[in-house]
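Here is the structure we will look at, set down as structure tokens.
The values are calculated or read from the model by the stated rules, or taken from the named source; none is laboratory data. Quick caveat: nothing in here was measured; it's all calculated off a predicted structure. Positions of Cβ are backbone-derived with ideal geometry, glycine not excepted, and every protein chain shown enters the neighbour counts. These area figures cover heavy atoms from the full protein model, side chains too; ligands, DNA and RNA do not enter into them. Shrake-Rupley method; radii C 1.70, N 1.55, O 1.52, S 1.80 Å.
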Amino acid sequence: MITFSDKQLKIPKMSKPVYLVTGGMSKFARAMPEKRTEEICIDAMTEAAKFIDMTPAQLKKYIHTCYYGHFADHFGDQLLGESVIHDRLGLDPLGNCGVKTGGATGGTTFWEAYKTIASGYSDCALAMGWERMDEVPTDEGNNLISCAADKDWETPMGHIYTGYYAVMAQKYWQVFGKQEESFRKTMAEIAVKNRGYARMNPHAQGPMDITVEDVLNSPIVAHPLRALDCCLMSVGAACGILADEKTAYEMTDNPLRIDLAAGSHTLRVADRRNMEIPLLPNETKEQYADLGQRFPGGDRYPGFTGFLAARMASYYAYRMVGIQDPTKDLDLVELHDAFTISDIQTYEDIGIRPYGEGRTYVESGDCYHTNPNTGEPGKLPANLSGGLIGNMHAVGATGIMQIIEVGQHIWNRWGEMHGDEAKWERFDREKPKDWKNLQVHGAKRGLAISHAGVGSHVTCTILQHPDHVLEGGTL
Amino acid sequence: MKMEHKASAEEDSKRGTVKVVNGRYKPSGLFHFISPNTPIKDETGKLMGITNPRDMTFIHSYGGEAIFFESMGLGKLMASRCDNPDCESKGSIFMPFRIHCPDCLFKNTVVDITERAKKNAIVHSFMITERTGAFNTLPTPIKFVNVEFEGVCTILMGALIRGEPKIGMRVVPIFKTKNPDYIITDMLWVPADWPTEDLPEGYTY
């Protein structure tokens, strides 16, 4: 649709507050021939239990409903894989449901668990996601991912999903990047940053100490995107436990408030029609009146340059929790950096920067843990986990990993969860000698964007420390 | 690592076909080419798993889009238009073809936009890739072009098979009128005024 009714723009109002109690992750890797999928999921759940000083058996006693995120049955060659995992976790005969929204599967799995708690159906729910993309040859894996595009109109064109993104990268570079070499370097800086942060993460599959030149000289995947602009293909699992207030405080002294909203847009970029920009609280209609003059072609919204689904998810979520300006009200974000270009697009969709000015979030240094221009803490650090580019993209788990990573900062336990020597050893990874604790000091609120396809589904998750909940929302 | 095996003419000749008879699919011939599992072992010979080879043929309906896929083989580009007088999108022309209007859900009218495409199609965006997923049939490097048509509210993705893509360039569709495959690649794109004698085998303007 290109116009909205008032009912469609209703800001969700939940019946009760929902809390994130704990979360856990497995190791992430390109392949794990030594483990079955259930073993990876149990690793994630065991970490979640340990995080609140419980055994898995104790944690399971609280769970009433289970949501399982698993993007592609094809990859595991197992229909109803959710049922296999549910059984192996020993959670039968509790109600469970599989969730599939492509790359946003993890976020959507949390969205479902959130609504279950808010409605009162359950007091405590499990949201678990996983993917294993190692059980087919890589080119067949690329084909399977391309089957998430329109199989009649797009998939036969190369069977390569990166290509469907690359046309957006090309257009964005032309319109908002003005085809400047400096813009291309800014894209590359994101890859350098995220792979560098991944070095501090024992879970991460793709840590690298690289330069902008390394990114610009890496092999072309789909022009203008190069190999180091692109996310990883991963195996791994992540999970979270959501609960109502009473149950959450029975389980831990430190639950976090959690709220989610979702948006969607056409599966095919081809089907996007022109429309007015739905405005976030920190935007005005007037500021975009001359967008097409400042950036020729930029007045075609969302065109090939924006993600309407991300805009709508944040449109609902910000108003649900009372966010006026994400840069001021949040302390960190985890974004879906499937590609460096889509990371920049998302800065604009979620209002960190106005449309057309996403690059300044990187160039200002605001997106870094420590601003490289000033040496001071970054204003709004992004993807300290390493993101999809440096940490992992085990699709069904990705959105959950992002939420747990944000949570660990607000819990002030990021250093503990990433610096533990025993974990580095258990994952058979060497802790860097220059390992740095990326804990965002005093983090009170954070955001995670889970994103599918070329923007078909997006969820926006807001985590808040319960002592620092914003006012002005609907909750 | 090249892992593809292209089926031989003999293997293809054994593959089954499907017809619709009395409203039901009627497959005939061979459909499942069975190969044995093989073990996966580590360097020490320890069993880690197995391969599961499989050959499957999906049977897929084009439904209301069949006219689009059939028309390409006849050298025609068929779009669809919402003609519901009460719809906020009345008059919108859709390419990709949409069977129903996304706003009112009325059934769209099929419209022929072949001449429009030949006269005023331009490249909105593009990309070039050497890499493909398994089962790709297009020659590499693949050049995608997103094609804008005058008066059409959406932007079609296609493959440019000749020349180099550039944003804003005029392109023209060509159609596989000889032995069509009835898939989207029955229509490819070439720069405007590309010589007829240099079109791919089986394709015509």
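Mean-square fluctuation check for chain B, GNM, Cα pairs under 10 Å: which of B:THR137, B:THR44, B:THR177 is largest?
Of B:THR137, B:THR44, B:THR177, the Gaussian network model singles out B:THR44 as fluctuating most.
Given an 8 Å cut-off on Cα distances and at least 6 residues of separation, report the relative contact order of chain A as a percent.
Answer for chain A is 25 percent.
Considering only protein heavy atoms, with the full assembly of protein chains and a 1.4 angstrom probe, order A:PHE307, B:PHE106, B:PHE33 by accessible area, largest first.
From most exposed to least exposed: B:PHE106, B:PHE33, A:PHE307.
Using only alpha carbon pairs under 8 Å that are at least six residues apart, calculate the relative contact order of region A:18-137 and give it in whole percent.
It rounds to 32 percent for region A:18-137.
Which loop-located GluC sites (Glu not before Pro) does region A:1-94 contain, where loop means any DSSP state but H, G, I, E or B and the Cβ has at most 11 other Cβ atoms within 10 Å?
A:GLU34
I'd like the Karplus ³J(HN,Hα) series for region A:395-401: coefficients 6.51, -1.76, 1.60, θ = phi - 60°, whole numbers in Hz, and an x wherever there's a Gly or Pro.
Taking θ as phi minus 60°, the curve returns 2, x, 9, 4, x, 6, 3 Hz for region A:395-401.
Over chain B, what is the relative contact order in percent, taking alpha-carbon pairs closer than 8 angstrom and at least six residues apart?
Taking the mean separation of contacting Cα pairs over the length of chain B, I get 15 percent.
Under a crude label model (7 Å from the Cα following the beta-carbon direction), how far is A:MET275 from B:TYR205 in nanometres?
So the label points at A:MET275 and B:TYR205 sit 3.9 nm apart.
Using only helices, what value at 222 nm comes out for chain B when you add -39,500 (n - 2.57) per DSSP H run of length 4 or more and divide by the total residues, to the nearest 500 deg cm²/dmol?
Counting only the DSSP helices, I get -2500 deg cm²/dmol.
Taking the Cα-to-Cβ direction at B:THR57 and at A:ILE11 and moving 7 Å from each Cα, how far apart do the two end points lie in nm?
5.8
Residues of region B:152-181 that become at least 30 Å² less accessible with every protein chain present than in their own chain isolated, using 1.4 Å: which are they?
Output list: B:CYS153, B:THR154, B:ILE155, B:MET157, B:ILE167.
Just to verify a number: FRET efficiency for A:SER119 and A:ARG88, C-beta to C-beta distance, R0 = 41 Å, to 0.05?
Taking R0 as 41 Å, the efficiency between A:SER119 and A:ARG88 is 0.90.
Computed on protein heavy atoms with a 1.4 Å probe, what is the summed buried accessible area for the chain pair A and B, in Å² to the nearest 100?
Buried area (both sides, nearest 100 Å²): 3700 Å².
If I ignore ligands, DNA and RNA and count only protein heavy atoms, how much of A:ASP139 is accessible to a 1.4 Å probe, in Å² to the nearest 10?
In the full protein context, A:ASP139 sits at about 40 Å².
Over region B:64-204, average the accessible area per residue using a 1.4 Å probe and give it in Å², no decimals.
About 43 Å² of surface per residue is accessible.
Applying the Karplus parametrisation 6.51 cos²θ - 1.76 cosθ + 1.60 with θ = phi - 60° to the phi angles of region A:162-179, what ³J(HN,Hα) value in whole Hz is obtained for each residue in order, glycine and proline being reported as x?
For region A:162-179, the Karplus curve yields 3, x, 5, 7, 4, 5, 6, 4, 4, 5, 4, 4, 6, 7, 8, x, 6, 6 Hz.
Determine which aspartates and glutamates satisfy two conditions relative to B:LYS19: a Cα distance under 16 Å, and not lying fewer than 8 residues away in the same chain.
Reachable aspartates and glutamates: B:GLU70, B:ASP181.
Is it possible to state the helix-based mean residue ellipticity at 222 nm for chain A, with each DSSP H run of 4+ residues giving -39500 (n - 2.57), the sum divided by total residues, to the nearest 500 deg cm²/dmol? What is it?
Rounded to the nearest 500, the figure is -10000 deg cm²/dmol.
If you roll a 1.4 angstrom probe over the protein chains with everything in place, what fraction of the accessible area of the protein assembly as shown belongs to carbon and sulfur, to the nearest %?
Exposed carbon and sulfur together represent 51 percent of the surface.
Taking amide H atoms as placed 1.01 Å from N in the peptide plane, list the residues 5 or more away in sequence, or in a different chain, whose amide H sits under 5 Å from that of A:VAL99.
Amide H neighbours of A:VAL99: A:TYR68, A:GLY69, A:HIS70.
What are the semi-axes of the equivalent ellipsoid of region A:18-137, taken as the square roots of 5 times the eigenvalues of the Cα gyration tensor, listed largest first and rounded to whole Å?
So the equivalent ellipsoid measures 23, 17, 13 Å along its semi-axes.
Any of A:LYS115/B:LYS90; A:LYS13/A:LYS444; A:LYS151/B:LYS6; A:LYS27/B:LYS46; A:LYS193/B:LYS143; A:LYS100/A:LYS151 with alpha carbons more than 26 Å apart? Name them for me.
Over 26 Å Cα-Cα: A:LYS115/B:LYS90; A:LYS193/B:LYS143.
Could you work out how far the C-alpha centroid of region A:346-392 sits from that of region A:235-264, in angstrom?
Using only Cα atoms to place each centre, the spacing works out to 25 Å.
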